[in-house]
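Note sheet for the following structure.
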Amino acid sequence: MVKWVLFVVVGLIVLVGVVALIGMLLPKGHRASRAVVYSATPDAVFAAISDFATFPQWRSDVTAVEILSNDAGLTRFREVGRNGAVIYTVEVREPASRLVTRIDDPSQPFGGSWTLLVRPVAGGTELTITEEGEIYNPIFRVMSKLFFSPDTTIDTYQADLRKRLG
């Protein structure tokens, strides 16, 4: 019996080691991008995506937002959702055109930025969201490759925004 328990424990340790090794070989960064056209003006789209305090009212994956401040005068906010609380900094804010937010939370096992480009098109406004993310933990990198798509958060955001804009 003890021999079998030892065999299982050693097997699990080897498995975790192999997964970690594979994770170290995977790239830390990833890039995902999606574009959707909304039948709203660029001003209306930009107003919705840049009013962080109202996110809990229309984003299905956000339960609370707290607006923070910092010494540089940049907008910072804490978003609470299914991944817990994450702090973001707005790096670029060009009204009705471009918004760039970056994870500003070294306690997270992931990081990166979202670039949201707003442009008028026939019949409305195109919003392109590009995620440039990093996963620091090699085991999480393997889990992400196997079980999660970097597009999922973007797709959820854009579906929620469509409902918000009507």
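Values in this text are rule-based calculations from the coordinates and carry no lab data. What you are looking at is a predicted structure, and each value in this text was computed from that prediction instead of being measured. FYI the Cβ positions are ideal-geometry reconstructions off the backbone, even for glycines, and counts take in every protein chain you see.
Points worth noting:
- The chain, helix-only ellipticity at 222 nm - DSSP H runs n ≥ 4, -39,500 (n - 2.57), divided by all residues, nearest 500: -11500 deg cm²/dmol
- All lysines inside 27 Å of LYS28 as judged from Cα atoms, apart from same-chain residues fewer than 8 positions distant: LYS145
- Acute angle (nearest 10 degrees) that the helix 2-25 long axis makes with the longest principal axis of the chain, alpha-carbon atoms: 40 degrees
- Size of the chain as Cα extents on the principal axes (Å, biggest first): 68, 38, 27
- Karplus-derived 3J(HN,Hα) values for region 141-149, using 6.51 cos²θ - 1.76 cosθ + 1.60 with θ = phi - 60°, are 4, 5, 4, 4, 4, 7, 10, 10, 10 Hz; glycine and proline are entered as x.
- Shown here for region 57-166: chymotrypsin sites (Phe, Trp or Tyr not before Pro) in loop regions (DSSP other than H, G, I, E, B) with at most 13 other Cβ atoms within 10 Å, namely TYR136, PHE148.
- Eligible lysines near LYS163 by straight Cα distance, threshold 20 Å, same-chain separation 8 or greater: none
- Cβ crowding within 10 Å ranks LEU99, LEU25 as LEU25, LEU99, fewest other Cβ atoms first.
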